[in-house]
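See structure below.
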Amino acid sequence: MAGGRGALIVLEGMDRAGKSTQSRRLVQALQAAGHRADLLRFPERSTEIGRLIGAYLQRERELDDHAVHLLFAANRWEHVTSMKEKLRQGITLVVDRYAFSGVAFTSAKENFCLEWCKQADAGLPKPDLILFLQLSPEEAAARGNFGSERYENSPFQEKVLQSFRHLMKEKTLNWKTMDASKSIEDLHNEIKTVAEKTMQEVKDKPLGELWK
Ligand code: ADP
Ligand code: 2DT
Ligand code: MG
């Protein structure tokens, strides 16, 4: 393609690190700078699978831990065709949480190993850049209390962080840790700079497959 493909950029991090704020800001800034960019988030609660996940997170419904893990993954797979098509057309995708949250949250539960958790997402479009927004639990607490959804408690979040740390050791993935304690504006400017650099670097490279 003349202009090349879009980049797949994922934001991960703990609760209240600023993922949703920064992913929105990034898409707005990229569009304002004349790039084609779309915002995605997982879970995407608007689909049938997503509504089931939403009900689970809001504790309106119980599901087996394996089953819900596979539903989170299925919620990503149901978007793969449209994601690939957009990337092919030169649209950069900014994604608020992806398979890394999937693996980190499930593997934080008793009796789940990282390898089993990764299987359901193996073969998804591989992100060109994964920004890990790093914030201490104390700084996160200063941004307000936990909400009332499932998983929103400190002991569980601490286990999730350990799982993220394992995942970040994988050198075949382009992880970048960002200091999320900075102001919204400063962090945004840093993120925009690395995002644009990545977009330029990958435009003529093939899209990879995650964990394959
Ligand atoms: P996440 O999606 O990672 O859970 P949000 O983007 O929803 O985080 O942000 C959580 C809260 O913290 C929101 O009230 C948001 O306005 C605030 N916030 C986000 N980024 C910053 C920042 N850099 N400094 C201070 N407050 C922030
Ligand atoms: P937010 O919508 O506030 O980001 O919270 N989760 C997310 C999983 O357990 N598995 C996944 O695959 C994904 C993407 C993290 C959504 C909650 O769902 C958890 C917090
Ligand atoms: Mg969020």
(Q) Considering only residues that are part of a loop (DSSP other than H, G, I, E, B), more than 10 Å from ligand 3 (Cβ to nearest atom) and either of a type in the set (Gly, Ala, Ser) or within 14 Å of Tyr98 (Cβ to Cβ) (or both), which ones fall in region 1-27? (A) Ala2, Gly3, Gly4, Gly6, Ala7
Q: Quick one: Val95 ticks every box in (1) crowded, with 23+ Cβ neighbours inside 10 Å; (2) touching a Gly at 6+ places or on another chain (Cβ under 7 Å) except a single one, so which number is it?
A: (2)
Q: For residues that are of a type outside the set (Asp, Glu) and in a helix (DSSP H, G or I), tally how many sit in region 28-61.
A: 14
(Q) Out of everything in region 179-200 that is free of Cβ contacts under 8 Å to residues at least 60 places away in the same chain and surrounded by 12 or more Cβ atoms within 10 Å (Cβ to Cβ), what residue ends up being nearest to Arg143 (Cα to Cα)? (A) Ser181
Q) Looking at region 14-23, is at least one residue within 14 Å of ligand 2 (Cβ to nearest atom) and at positive phi? A) yes
Q | Pairs, first closer than 14 Å to Leu161 by Cβ in region 104-117, second within 16 Å of ligand 3 (Cβ to nearest atom) and in a loop (DSSP other than H, G, I, E, B), C-beta under 8 Å, six or more apart | A | Phe105/Tyr151
Q. Looking only at region 44-71, which residues are within 16 Å of ligand 3 (Cβ to nearest atom) and either in contact (Cβ under 8 Å) with a residue 40 or more places away in the chain or charged (D, E, K, R) (or both)?
A. Glu44, Arg45, Leu57, Gln58
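Read-outs throughout are calculated quantities, based only on the coordinates presented, and are distinct from any laboratory measurement. Fair warning: this is a prediction, and the values are worked out from it, not measured in the lab. In this analysis, Cβ positions are derived from the backbone assuming ideal geometry, glycine residues included, and neighbour counts consider all displayed protein chains.
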